[in-house]
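Let me begin by presenting the structure, written as structure tokens, before commenting on it.
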Amino acid sequence: MTVILIAVVLYLLAAGLLVRSVAGDSGEPSRPWLWPALCAVTLHAAYHLLVAWRTPGGPDMHFFAALSLVSLGMAAMTLLVAIQGRMAALGVVAFPLAAALLASYHLYGHQASSGLDWRLQLHAWLALLAYAALAIAALLAVMLWAQERALRRREFHLWLRALPPLTELEDLLFRTITVGFILLTATLLTGVLFVENFLVQKLTHKTVLSVLSWLVFGGLLMGRWRYGWRGAKAVHWTLTAMALLLLAFFGSKFVYEMVLRRG
């Protein structure tokens, strides 16, 4: 419990320092948030490793565990992006989200996933990485939409100073989507290769929604390359694809594990 409390406090401290630096600076946010965020991500990862070590059976991949792992991936990716550029503003959303989902996982409890060999574990980890990368892309899409809307209305808010120029933000969005799309492709391929019976394991609806999301993301990248799609169209396609992906994995997980109470 001590590890959880420290990690949550550090996540919230990092987010608060980010907000203060954005509100009080006229340029790029300073980095007093960096060490609290780095320590929080480290403790978050250490907690999952500790649970995996103490829990008999396979690693915990159930609903709240998966949510917490995705938020850990988002927080870690936010750190990597923020260290290299001006997108530390992602942490204002990603860090509190990671804190909330880590606390939820601890309070809900831990369950071991039974019968996962290394191939299925690889498939699951690829899926979680893909969801984390594409969730970051969804956050960037929302920021892009908000920035475009504010500039179009000539509303120069303080938070705009924390964002890079529109073209740079858009470029980061598509680079993140590309990484997520590659990971999602690898997830689908390993699913086809390693999952033996989709019908018996009740994976048909999850697979259909995941493929639809993959097609939407792929169509968006193709439209960007061929027709130069950007702006509102990129935002709508990104959020639509992410909604399909959330329904595919977490929607089905919620119904199956939380409503029907099946592991």
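Here, each number is a calculation from the coordinates, and none is a lab measurement. The model shown is predicted, which means the values in this text are computed figures rather than measured ones. Cβ: placed from backbone, ideal geometry, glycine included. Neighbour counts: every protein chain shown.
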Once phi for every residue in region 47-54 is put through the Karplus expression 6.51 cos²θ - 1.76 cosθ + 1.60 (θ = phi - 60°), the whole-Hz ³J(HN,Hα) values, with Gly and Pro written as x, are 5, 5, 5, 5, 5, 4, 6, 8
For W229, the residues 5 or more places away or on another chain with a placed amide H closer than 5 Å to its own amide H are R224
Around R230: net Lys/Arg minus Asp/Glu count, Cβ-Cβ under 9 Å: +1
Phi-derived 3J(HN,Hα) across region 222-236 with the Karplus relation (6.51, -1.76, 1.60, θ = phi - 60°), rounded Hz, x for Gly and Pro, is 5, x, 5, 6, 8, 10, x, 4, 7, x, 4, 4, 5, 4, 5
Kindly write out, for region 170-179 in residue order, the coupling ³J(HN,Hα) from the Karplus curve 6.51 cos²θ - 1.76 cosθ + 1.60 (θ = phi - 60°), rounded to whole Hz, with x marking Gly and Pro. 5, 5, 5, 4, 6, 5, 5, 4, 4, 4
